[in-house]
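J.: Mind having a look at this structure? Questions to follow.
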Amino acid sequence: MNHVAPMPEPHRVGPVEPDLLASAVFLFAEYLSGLEAETPAAGDDDDGDDDAASDPQTDTRAVLDLFAEELATDVKTTLNLYMRVTALYRLLATSPSLARIALEADAPGGALRDDALIAAAKLDLYVRRSGDEGSADFDPREFRQALDDEC
């Protein structure tokens, strides 16, 4: 009997306030800057493992604590913010064309345009689990459409 169970529908995470997401994005950027400052530059270590030195790993618990403390959010909102911020960073890192549209061209450090921030705050965020692993991601087409609608 070859019965294949259907893939479960991804869970959808509700929206957050754009100003709250903007604050979380700022805090996450500051956290990443701190990680980069603590991580030795590529070539400074003697073991020859440049990939590990150039890609610092975020501490999920530290970021969640940072959001909860600095933004005074409850657990559900803190998790929502974390998933949205990390999904947004992943989306922009994997889609240079979306990053060009979503980021202010003349802003230092690549600040998000207001419409990109609103899209990241309001669009559905799809959470998928596979075993012990999970990810929360925006649909790139929905994100691009939201940006195109605002232009």
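J.: I'm trying to understand the selection: among the residues of the range 96-135, which are under 23 Å from residue 33 (Cβ atoms) and within 13 Å of the chain's Cα centre (by Cα)?
T.: Going residue by residue through the range 96-135, those that are under 23 Å from residue 33 (Cβ atoms) are 96, 98-100, 102-114, 116-117, 120-121.
Correct list: 99, 112, 116, 117, 120, 121.
J.: Now for a separate question. Specify which of the listed residues (34, 48) is loosely packed, with under 11 Cβ neighbours inside 10 Å and either at pLDDT below 70 or within 20 Å of residue 89 (Cα to Cα) (or both). Before you say what the answer is, go through the steps one by one.
T.: Working: 34 fails: loosely packed, with under 11 Cβ neighbours inside 10 Å.
Every option except 48 fails the conditions.
J.: So, in the range 106-128, exactly how many residues are more than 23 Å from residue 20 (Cα to Cα) and surrounded by fewer than 12 Cβ atoms within 10 Å (Cβ to Cβ)?
T.: Selection size over the range 106-128: 1.
J.: Please count how many residues of the range 129-151 are within 20 Å of residue 16 (Cβ to Cβ) and of a type in the set (Gly, Ala, Ser).
T.: Matching residues across the range 129-151 total 4.
J.: Here are the criteria: (1) open to solvent by 70 Å² or more (accessible area, probe 1.4 Å); (2) at pLDDT 95 or above. Tell me which single one residue 85 does not satisfy.
T.: Result: residue 85 fails condition (1) only.
J.: Still on this model: Consider only pairs whose beta carbons are under 9 Å apart and that are at least six residues apart or on different chains; among these, list those whose first residue lies in the range 82-93 and is free of Cβ contacts under 8 Å to residues at least 60 places away in the same chain and whose second residue is part of a helix (DSSP H, G or I) and among the β-branched types (Val, Ile, Thr).
T.: 82/60; 82/63; 86/60; 86/63
J.: Please note which helices (runs of 4 or more DSSP H) are completely contained in the range 70-151 and include at least 1 residues that are in contact with a strand residue (DSSP E or B) (Cβ under 8 Å, 6 or more places away or on another chain).
T.: Helices (runs of 4 or more DSSP H) meeting the threshold: 75-94, 96-102, 114-122.
The values are calculated or read from the model by the stated rules, or taken from the named source; none is laboratory data. These figures come from a predicted structure and were not determined experimentally. Every residue, glycine as well, gets a Cβ built from its backbone with ideal geometry; the counts of neighbours run over all protein chains shown. Remember, those area values only see protein heavy atoms, side chains included, never the ligands or the DNA or RNA. Shrake-Rupley method; radii C 1.70, N 1.55, O 1.52, S 1.80 Å.
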